[in-house]
Every structure is written in structure tokens, then in C-alpha cells.
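The values are calculated or read from the model by the stated rules, or taken from the named source; none is laboratory data. This is a predicted model, so every value here is computed, not measured. Cβ coordinates were reconstructed from backbone atoms using ideal geometry, including for glycine residues, and neighbour counts include every protein chain displayed. Calculation scope for accessible area: heavy atoms of the full protein, side chains included, ligands and nucleic acids excluded. Shrake-Rupley method; radii C 1.70, N 1.55, O 1.52, S 1.80 Å.
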Amino acid sequence: IKSFCNWFALPLATKTQLLSSCKLFFSNDPVKIVKAKGQYMYDENGRRYLDCINNVAHVGHCHPDIVKAAHEQNQLLNTNSRYLHDNLVDYAARLSKTLPEKLCIFYFLNSGSEANDLALRLARQYTNHEDVVVLDHAYHGHLTSLIDISPYKFRNLEGQKEWVHVAPIPDTYRGLYREDHEDPVTAYADEVKNIIEHAHKRGRKIAAFFVESLPSVGGQIIPPAGYFQKVAEHVHKAGGVFIADEIQVGFGRVGKHFWAFQLQGEDFIPDIVTMGKPIGNGHPLACVATTKEIAEAFTATGVEYFNTFGGNPVSCAIGLAVLDVIEKEHLQACATEVGNFLMKLLKEQQIKHPIIGDVRGCGLFIGVDLVKDQEERTPATAEAEYLITRLKENYVLLSTDGPGRNVLKFKPPMCFNMEDANFVVETIDQILTGKK
């Protein structure tokens, strides 16, 4: 029973009201968090934890500028988007400056799942096709439509639908085509091409290739540059569109670019981009950006699209404040500088500790792949679980991901600094050497 909600710390009435599917971090010994500031969280006893995983609090927990923007707009007005309001227009204009010019139409929503569901509808309406190609172990949201395109979920539920096609994840460390392959980009893209051709032989038609710009649940994967371009060529030839899910990794997390899909190169532009999580720093806000042609095809149905709270004045005020803070506090540059420093420290640990098989990442999106042996690269699942548990006991909050639950995932608030990087890596080193 300890594997689920913290029943022992909850009142009896609450225990009967929360289902066991509400799983907590560190479920055998959960942490009760009562306060947070910046990159730090505090439990009920005032103990401070370094937050290395909360990419939702993008510019820092309880950032005063975000709190102020929400409070001031709440005092004036919060209503639906059927009325004129400057915040909505101003926010769309600000977002448009961060994206390629052709991505010029915006739909505002309340969650990443809503955004991905709408992206799926847009793709199907524009192409008049149904089928979707996704990457193995992908997760795109909790709605029924998204569980269907999330192998991470549907493999444990009703299985793969006829209209869903699963391509291998472009992982050059433990995937089909690794770092020693002469051309992993083409090899992985050809897997998608073959899937499309096989689907066509069965009379299926591809609506979209749906992908996280940097697969997170799949193990903090960095697709090789050029992969998206080659896949997009195959997908477009089949009459489909390319959807980039930036819900985990957008808004400057990768440092050198504002959007993770831009890591692929200036010559790549997706047809649809979805945003969530960091967009509102914890406030329920999401967005879909697309082209005028796709939006017009959606409008041509004659069926109104309306979202009661999507794009409300408070949400847009918060969204604007998040963009302001990213710019004012130079958080993209911080992600590059601190991320490079953290990668350097972790790679030094990789030389020292054979359990660290791979260190990969960009900016403040980093994965540490733990292995039982360097040659076979067998996932060190139990060891990874032990490590994050010991880290929690030393006031560092970290988590694991990947098919083998053996990849330490770093996605901290963007105010994460050099001192924090030193602290977490020193703590990892001490645990791995048996000093803690």
C-alpha cells in the first residue's frame, strides 16, 4: 500500500477520497512540501530540498513577478475569451517573435494534454487522414486520444490501435542504430519511411508524425541533428504533417535555442508546435501554434472551436510575465552556462564510476544513463532507484525515466545555478563511493 498515495499521512476521510492511482514521488517515504522558492522546496519541518526535476516551475517556484502578474490581473478581470482583451493579443504577438514566421496562428488552452489533443484534430482535419506515427515509449498526455498515441501508456492498457504506428526512438546510445553506425540519422528516418510504406500497403493514410522534440519519458533522448528533416520529408510526401511536442522542453530550456526543435537546424520548421507545463510556471496554460493553411482548414469545418478558460486575461498575464522573466534574468544563457557545467561534472563522474554509462543533454535537459555493465549497457534499474532515494535523504529531489527506469533526469527550474550543480554532483559521487 506504500507504493501509492501516502495513506499514513492523510486523514481517514481523505484516504477514502483519493484513489490509489495517485502515485507520489518517493512513495515509500513521501515528502510533504509546504513551501517553495526558486529552485528550492521546503517540507513541513522546514527542511530545504534542491529541486532538480520540476520543469513546470520554469523560472523558479513562486517567482515574485509571476505572482504579482497573476494577483494584479485577478483584481481587474478574469473571464473567457469571447470578449476583446489586450492580454490575449499581446501574448500571441510576443510568442510569435520566438517562432518561425510561418507558425503564426495560436490557440490557447489549459493543459499540455488539451494542446496535444487539439494538434491531433488539426492534423486530421487538414490532411483528411487518420493515422499517426509516434516514437516508441512516447507519452503525449492523459486524454483518451493521447493515451492511444502514447506507447508508454497503451502497452499496459488496451494495446496499439490500428491507426497508430510506432517507430524506434532515435537513441544512439542504446537504440537500434548507435554511435558507431555510419549514418544513424538516415537509418532511423528510414524506419519511419518503411512504416509509412507498410501502412500505405494496408490502405492506411498518415495524418501526422507526432514527436517530443526531445523525448523525455523515453529516457532524456537527444535525436541526432537532421533526423527531423528527413522524417518530415517522408511524412510530407505521404500527405501528413509534423507535430513537435515542446511541452516538456520549450521556452529556452535547451539554452542555445528557445525551442528544442531548433536544435535540428535552421532548415527545419514543424507544421504544428504544442506548448504546456513551463509556459505558465505552474499556472494552467497551454498553446498550439500552427500555420495559416492548417488553421483555415480547421475553421472550414464550420464547427466553432471554443475553450472557456483558454487564453483568459489572467493566464495571458502570467504567460507574458514568464516571457519577461526569461528575458530579464537571461535564463537561456543560464541554461547554457549551468547546463554545460553540470554536464562537465557528470562526465567526470562517468570516468570515475562504471555505473554511469552515458551522460547526454542540452542546456538544463540532461539524462544520466545508469548501467550494470558498460559493454551490454544493461539498465541498472534497482541501482537508479536506490540512488534517487539516497539523494532524497540528502535533500536532493531527482527522478528516473526511460524504458528501464534507469536514467536520472535533470529538468530543474531555470534558476538552477553553479552551486546547485556542484552540490548535486558531489552528493551523487559520495553516495556512489559509499561516503553517504
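Of everything in the stretch 115-161, what is open to solvent by 10 Å² or more (accessible area, probe 1.4 Å), of a type in the set (Asp, Glu) and in contact (Cβ under 8 Å) with a residue 12 or more places away in the chain? Give them in sequence order.
If the condition is that a residue be open to solvent by 10 Å² or more (accessible area, probe 1.4 Å), of a type in the set (Asp, Glu) and in contact (Cβ under 8 Å) with a residue 12 or more places away in the chain, then Asp117, Glu130, Asp136, Asp148 are the ones that fit.
Evaluate the stretch 328-338: report whether one residue or more is surrounded by 16 or more Cβ atoms within 10 Å (Cβ to Cβ), hydrophobic (A, V, I, L, M, F, W, C), out of contact with any helix residue (DSSP H, G or I) (no Cβ under 9 Å at 6 or more places or on another chain) and touching a residue at least 24 places away in the same chain (Cβ under 8 Å).
yes
What pairs can you find where one residue is in the stretch 262-284 and part of a loop (DSSP other than H, G, I, E, B), the other is surrounded by fewer than 24 Cβ atoms within 10 Å (Cβ to Cβ) and charged (D, E, K, R), and their Cβ atoms are less than 7 Å apart, with a gap of 6+ or different chains?
Ile269/Lys102
Would a scan of the stretch 298-312 turn up a residue that is surrounded by 20 or more Cβ atoms within 10 Å (Cβ to Cβ), among the polar types (S, T, N, Q) and either without any contact (Cβ under 8 Å) to a residue 60 or more places away in the chain or outside any helix (DSSP H, G or I) (or both)?
yes
Looking at Lys347, Lys292, which is the one that is under 25 Å from Asp90 (Cβ atoms), charged (D, E, K, R), at pLDDT 95 or above and touching a strand residue (DSSP E or B) at 6+ places or on another chain (Cβ under 8 Å)? Give the steps one after another, and end with the answer.
Working: Lys347 fails: under 25 Å from Asp90 (Cβ atoms).
The unique qualifying residue is Lys292.
Report yes if some residue within the stretch 172-193 is of a type in the set (A, V, I, L, M), in contact with a Ser or Thr (Cβ under 9 Å, 6 or more places away or on another chain) and touching a residue at least 24 places away in the same chain (Cβ under 8 Å); otherwise report no.
Initially, the stretch 172-193 is screened for residues of a type in the set (A, V, I, L, M), giving 176, 185, 187, 189, 192.
Among the residues that remain, those that are also in contact with a Ser or Thr (Cβ under 9 Å, 6 or more places away or on another chain) are: none.
Within the stretch 172-193 (the criterion being of a type in the set (A, V, I, L, M), in contact with a Ser or Thr (Cβ under 9 Å, 6 or more places away or on another chain) and touching a residue at least 24 places away in the same chain (Cβ under 8 Å)), the answer is no, since none of the residues qualifies.
Consider the stretch 211-244. How many of its residues are assigned to a strand (DSSP E or B) and farther than 19 Å from Asp401 by Cβ?
Keep residues of the stretch 211-244 that are assigned to a strand (DSSP E or B), which gives 211-212, 241-244.
Restricting the remaining residues to those that are farther than 19 Å from Asp401 by Cβ gives 241-244.
Final tally of qualifying residues: 4.
In the stretch 235-272, what count of residues is obtained for those that are open to solvent by 10 Å² or more (accessible area, probe 1.4 Å) and closer than 16 Å to Cys287 by Cα?
Residues that pass the stated criteria total 4.
Pairs needed: first member in the stretch 88-109, farther than 17 Å from His283 by Cβ and among the hydroxyl-bearing types (Ser, Thr, Tyr); second member anywhere, open to solvent by 40 Å² or more (accessible area, probe 1.4 Å) and modelled with pLDDT of 95 or more; C-beta distance under 7 Å; at least 6 residues apart or different chains.
Once the first residue is farther than 17 Å from His283 by Cβ and among the hydroxyl-bearing types (Ser, Thr, Tyr) and sits in the stretch 88-109, its partners that are open to solvent by 40 Å² or more (accessible area, probe 1.4 Å) and modelled with pLDDT of 95 or more give Ser96/Cys104.
I'd like to check something: does the stretch 408-425 contain any residue that is at pLDDT 95 or above, polar (S, T, N, Q), over 21 Å from the mean Cα position of the chain (by Cα) and within 18 Å of Arg47 (Cα to Cα)?
No: the stretch 408-425 contains no residue that is at pLDDT 95 or above, polar (S, T, N, Q), over 21 Å from the mean Cα position of the chain (by Cα) and within 18 Å of Arg47 (Cα to Cα).
Test Ala300 against the stated conditions and say whether it is at pLDDT 95 or above and among the small types (Gly, Ala, Ser).
Details: at pLDDT 95 or above: no; among the small types (Gly, Ala, Ser): yes.
So Ala300 does not fit the description; no.
Determine if the stretch 374-397 includes at least one residue that is open to solvent by less than 10 Å² (accessible area, probe 1.4 Å) and closer than 24 Å to Phe261 by Cα.
Scanning the stretch 374-397 turns up no residue that is open to solvent by less than 10 Å² (accessible area, probe 1.4 Å) and closer than 24 Å to Phe261 by Cα.
Could you look through the stretch 64-112, keep only residues that are among the polar types (S, T, N, Q) and assigned to a helix (DSSP H, G or I), and pick out the one that is farthest from Gly252 (Cα to Cα)?
Taking the stretch 64-112 and keeping what is among the polar types (S, T, N, Q), we get 73-75, 78-81, 87, 96, 98, 110-111.
Keeping just the survivors that are assigned to a helix (DSSP H, G or I) gives 73-75, 87, 96.
Values: Gln73: 25, Asn74: 27, Gln75: 30, Asn87: 22, Ser96: 15 Å.
Among those residues, the one meeting the criterion is Gln75.
Being of a type in the set (Asp, Glu) and in contact (Cβ under 8 Å) with a residue 40 or more places away in the chain is the filter; apply it to the stretch 39-87 and report the residue that is most open to solvent (accessible area, probe 1.4 Å).
Going through the stretch 39-87, the residues of a type in the set (Asp, Glu) turn out to be 43-44, 51, 65, 72, 86.
With in contact (Cβ under 8 Å) with a residue 40 or more places away in the chain added as a condition, the list becomes 51, 65, 72.
On the way: Asp51: 1, Asp65: 52, Glu72: 92 Å².
Result: Glu72.
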